Amino acid sequence: MWRSTLSLVLSAFLLQLPQVTALKGDSQCGYLVCVNATVHHDTVTYQMTARQDRMGWLALGFGRHMAGTDMVVMWRNEDDSLTISHRHGYDHTEPQVVEDPPRTAFLPMLQPTVWSSKLNPANTLTFSIPLDESQWVFKPEKNGTFENLIWAYGMTRPATSDPHTSIYGHYAAGMLLLNLEKELSGTPPDDPTINDDDTTSTAPSHQDTQTAFEDPYTTHELIVLCHGVIASIGMLVLLPAGALVARWTRTYSDKWFKIHKFLNYSIGLPVILVGWALGPFAVFDARASHFMDAHQISGVFVLIVYLVQLSLGRYIHARKGLPNRATHAPSNILHVVLGLVVIGAAFLQVRSGMNEWEHHTGEKVSHWCHILWKVWIIALPVLYLLGLSLLKRQFYQESHGLNPSSAPKHYVALSPDEGHRSMLFNADADLDSPDYGFPDNSRLTKEAETAVPLLRRN
């Protein structure tokens, strides 16, 4: 009796061997979410893993777009239990609960181990569902049949474990293709293919897995990195340099405005616009929601204030020299104040950007970046405040019409006529005046009340 029973068990085990060694499935990793699918008989098991520490809920939809797609939403509750909620997307709004879904997802009797040792088991949610090949499409360029899937990642956990409870808006979403006809035999369960491209898939291999994890940056991370570096150069190098030039050199050279304009407008504007635009492009690349955190919202604010400040500067320069225009009109003062606000906000924006990088990638920003930020946020105000010591010299030159670069050093401050209030006039223009040999009482000059002699005495 026991021999016959043992024979039946061994037979059943041997019959199952080909199915075990010939498992099919596929896996794919994006910037925020990894998905692994394993087909067993007529059931497919999906593992969704958030690659960030903060996870609220994950969703997997069976289609190409959110509208008209059935999806499975999962989250882990405070008591470590798991909730499965069947939903249907009608538009770019919260998916509605479906009481009688076409396919019912369920939790596996035994939760499988995470398919990669590089991923966090606490951020992995697994469900099984009956296999449905209706969404499979043949891709000639890939020479395979793929299932269209969409994914969504939310950072905030729903308030309760009830499948009908509302879920907060997703932080990011995307699409992927999985080849569920791919043979997985010979590949360890914890050694999947990791591919950072959300639209391609490759065959599983140990070498490919290590290469994907060892790549220094994904394409998305490179976009974010370029955004941070270029915007930082524009906001924390070019703009402060232009401000310091205006503060320190305006009383010594009339070339200060050209340099100030070159740094803050000719070069600064293109650099800042390119760096800023890479931010929304990175969000779009991750299929994430815009204006989801303080960094994104304040980035728009800083850009708007910078453009207003820039436009105000051009307005001031266009009205320069007009009659009855005050030397320090309110628009001039506002221009300076807005410039300081932009630079100050840029420091906070760069720091929050570094925090965002560490939060979303799990990688620390280089220590020298933090040191440089701390040194510069102290050194820059000190340099600018020291430059305020030149205000007295600036006000004196402005009140007397002095131009520091056009007059000879030892020229006497004369007044060309009684109606001109300037203490200094252009010597070259005076020498070029025509002389007809007749005395001209209207052009009589007098020596100014100054200790400087009319001519230099050796």
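The values are calculated or read from the model by the stated rules, or taken from the named source; none is laboratory data. Predicted model, so just to flag it, every value in this text is computed and none were measured. Here Cβ is always computed from backbone atoms with ideal geometry, including for glycine, and neighbour counts include all displayed protein chains.
Yes or no: Leu348 under 16 Å from the mean Cα position of the chain (by Cα) and in a helix (DSSP H, G or I)? So Leu348 passes the test. Between Gln52, Gln47, the distinction of being at pLDDT below 95, of a type in the set (S, T, N, Q) and assigned to a loop (DSSP other than H, G, I, E, B) belongs to Gln52 only. Apart from one condition, Met109 fits all of (1) among the aliphatic types (A, V, I, L, M); (2) surrounded by 12 or more Cβ atoms within 10 Å (Cβ to Cβ); (3) out of contact with any Leu (no Cβ under 6 Å at 6 or more places or on another chain); the exception is (2). When the test is whether a residue is part of a loop (DSSP other than H, G, I, E, B), of a type in the set (Lys, Arg), assigned by TED's automatic domain parsing to the domain that holds Ala172 and surrounded by 15 or more Cβ atoms within 10 Å (Cβ to Cβ), Arg64 passes it. Among the criteria (1) of a type outside the set (S, T, N, Q); (2) assigned to a helix (DSSP H, G or I); (3) exposed (fewer than 11 other Cβ atoms within 10 Å of the Cβ); (4) modelled with pLDDT under 90, the one Leu388 does not fulfil is (4).
Here the range 351-385 is the region considered, the condition is being surrounded by fewer than 16 Cβ atoms within 10 Å (Cβ to Cβ) and not in a helix (DSSP H, G or I), and the residue that is modelled with the highest pLDDT is Ser366.
Within the set Phe301, Phe284, the sole residue that is surrounded by fewer than 16 Cβ atoms within 10 Å (Cβ to Cβ), touching a helix residue (DSSP H, G or I) at 6+ places or on another chain (Cβ under 8 Å) and either farther than 30 Å from Tyr168 by Cα or not assigned by TED's automatic domain parsing to the domain that holds Gly30 (or both) turns out to be Phe301. Selection over the range 83-121 of residues that are assigned to a loop (DSSP other than H, G, I, E, B), over 19 Å from Phe62 (Cα atoms) and of a type outside the set (A, V, I, L, M, F, W, C) gives a count of 8.
Consider Ser406 carefully, then state whether it is surrounded by 16 or more Cβ atoms within 10 Å (Cβ to Cβ) and at pLDDT below 65.
Working: surrounded by 16 or more Cβ atoms within 10 Å (Cβ to Cβ): no; at pLDDT below 65: yes.
Here the answer is no, as Ser406 does not meet what is asked.
Identify the residue in the range 140-159 that is farther than 24 Å from Thr43 by Cβ and in contact with a strand residue (DSSP E or B) (Cβ under 7 Å, 6 or more places away or on another chain) and, among all such residues, is surrounded by the fewest Cβ atoms within 10 Å (Cβ to Cβ). Break it down into steps so the answer makes sense when it comes.
So the first thing to find is which residues in the range 140-159 are farther than 24 Å from Thr43 by Cβ, and the list is 140-143, 153-159.
Imposing the further condition that a residue be in contact with a strand residue (DSSP E or B) (Cβ under 7 Å, 6 or more places away or on another chain) reduces the set to 153-154, 157-158.
Working: Tyr153: 26, Gly154: 23, Arg157: 18, Pro158: 20.
My answer is Arg157.
A single entry from Phe127, Phe138 fulfils the requirement of being in a strand (DSSP E or B), at pLDDT below 90 and over 31 Å from the mean Cα position of the chain (by Cα): Phe138.
Just one of the numbered conditions (1) modelled with pLDDT of 95 or more; (2) in contact with a Leu (Cβ under 6 Å, 6 or more places away or on another chain) is not true of Tyr306: (2).
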